[in-house]
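The numbers here are math on the coordinates, done by the rules we state, and not lab data. Not measured: the values here are computed from a predicted model. A quick note on method: Cβ atoms are made from the backbone with ideal geometry, for glycine too, and the neighbour counts reach across all protein chains shown.
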Amino acid sequence: MVRIEASYWVKPAKETPKRLMCLSDVDQVRSITHAATVYFYEKPGEFANAVDVLRDSLSKALVTFYPLAGRLRLISGGRFELDCNSKGARLLVAKSEAKIQDFGDFLPTPEIRSLIPPANYYTPIHEIPLLLVQLTKFSCGGICLGLGISNILVDGQSGLNFVTEWAKVARGEKSNNPPLLDRRILQAKEPFSVPSFEHTEFSPPRLIGQPDDLEERKKDTTVAMLELNQEEIEKLKRKANEGRTSGDTSRPYSRYEAVAGHIWRCASKARGHMSQQPTRLCTIVGFRNRMDPPLPENYFGNAIIRAAATTTSGELLSKPLHYATSKIRESIERVTDEYVRSSLVFARDQPDVSRYRNCHTVGSTEGTFYGNPSVEITTWARLPIHGTDFGWGNEIHMGSGSIGHDGLTIIRPGHDEDGSFVVTLRLQVAHMGAFKNYFYEDI
């Protein structure tokens with residue numbers, strides 16, 4: 001049971017620009033929800049002091065990251081603009097009789113979700129804070145920092161860059177990596193251009209025989225957290241590369257490609273698809289370094305795109321792992337500067353972009369559905385998710401606070417940096433048991 005002790009609106013410590021800021025077409029098709037993460041720390045000292053440090057440092061960090069203190073405004077075509085009005089971030093201070101060890105492996109359950117401030121997405125969008133923060137003290141003396149950062153505003157890399165700079169301020173250090181806030185860098189270059197690619201990533205397949213996806217959205221789902229050690233990952237990688245011909249000069253399939261292909265096969269098998277059922281795996285690909293010229297690393301916004309690999313369940317399961325990984329690689333390699341700009345034009349030309357905006361909420365009927373018969377995977381392997389020190393030492397665990405919909409999967413490196421992967425995913429209750437069995441039996 002979590003008890004809220006105090007609530008604050010944290011505003012920038014200094015005057016910041018009051019202006020309307022345009023969002024990129026990549027931002028416009030992102031979910032209206034918040035990306036939820038949790039950081040657990042052991043006994044940071046006096047809790048009241050930790051609250052003061054967090055509140056004060058957040059206020060200072062929001063001076064340079066002032067868009068996070070603003071609000072979204074709905075404009076025409078289902079689009080948003082950013083109102084930099086300094087209304088502030090929401091900070092909750094809470095206590096719980098639970099102990100850190102009560103959370104076990106930190107599976108993103110409702111108990112974990114209670115450590116992050118809630119948001120009501122049915123209220124007017126201009127009333128919803130873009131940054132939600134909660135500091136919870138446990139009976140054992142440990143604490144949890146729960147964060148919710150608007151998916152419309154930033155991707156994982158931008159969000160973590162903010163957290164890293166905020167932590168520096170909390171430690172009394174100088175923040176030396178100011179964000180690049182101008183999103184016009186991602187505007188379509190030609191005003192009258194048309195998409196040069198077919199963007200199937202915005203229209204996932206449906207189950208054969210179903211006129212829509214409403215029934216699949218309603219089905220009960222559950223979350224699992226499964227670990228692959230380095231030996232298991234290397235075994236999958238070897239299996240994926242067994243299908244390569246002697247004359248193949250391309251680089252071997254990566255750990256991610258092998259594990260993603262394995263997840264895709266296990267999900268299709270567990271779901272019991274008929275052989276002719278189309279199925280898709282979407283990889284969330286960061287394109288900062290795929291642009292020409294590359295986007296600056298400090299670009300503060302969304303610089304990600306779905307790379308869609310499509311086949312039939314029969315093809316996926318009758319062929320070796322090499323086939324799945326090859327399809328995944330093909331989809332990722334399609335993400336070039338030209339492809340990204342084509343996607344920007346596609347989104348720009350939509351009369352109403354809200355139809356492509358996934359709500360990332362279980363049971364939601366809003367936006368595109370990326371669940372059964374498809375899978376969507378995000379990897380945190382290259383993100384700075386470990387070693388976030390607010391002056392309390394490094395966290396003992398950092399992870400997702402929620403997994404939003406059927407088929408959504410997060411792959412992150414193990415906390416000990418021992419070469420392991422932790423796979424967290426949501427599937428329908430009817431499919432999860434079989435998936436867990438295949439996940440380990442089919443390695």
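Tabulated values for the structure
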item: Angle in degrees between helix 321-333 and the longest Cα principal axis of the chain, rounded to the nearest 10; result: 60 degrees
item: Dipole of the chain, positive direction: furthest Cα of LEU214, GLN157, PRO129, with charges on the beta-carbon; result: PRO129
item: Within segment 328-418, GluC sites (Glu not before Pro) in DSSP loop having at most 10 other beta-carbon neighbours inside 10 Å; result: GLU417
item: On Cα atoms only, tilt of 337-348 relative to the major axis of the chain in degrees; result: 70 degrees
item: DSSP-loop GluC sites (Glu not before Pro) across segment 19-119, with at most 11 other Cβ within 10 angstrom; result: GLU46, GLU97
item: Using alpha carbons only: equivalent-ellipsoid semi-axes of segment 310-443, gyration tensor based, whole Å; result: 27, 23, 18
item: Stokes-Einstein diffusion coefficient of segment 171-322, Kirkwood radius over Cα pairs, 37 °C, 0.692 mPa s, in µm²/s; result: 168 µm²/s
item: Helix 156-170 vs. the chain, principal-axis angle (Cα, 0 to 90°, nearest 10); result: 30 degrees
item: Longest DSSP-loop-exposure-free segment, trypsin sites (Lys or Arg not before Pro), the chain, at most 10 other Cβ within 10 Å; result: 190-443
item: Inverse of mean 1/r across different Cα pairs in the chain, Kirkwood, Å; result: 22.7 Å
item: In segment 35-129, chymotrypsin sites (Phe, Trp or Tyr not before Pro) in a DSSP loop with at most 14 other beta-carbon atoms within 10 Å; result: TYR122
item: DSSP beta bridges in segment 289-427 [antiparallel fraction, %, rounded to 5]; result: 55 percent
item: Charge tally in the Cβ shell below 14 Å around VAL2, where Lys, Arg are +1 and Asp, Glu are -1, VAL2 excluded; result: +1
item: Surrounding net charge for PRO124, when Lys and Arg each add one and Asp and Glu each subtract one, Cβ distance under 12 Å; result: +1
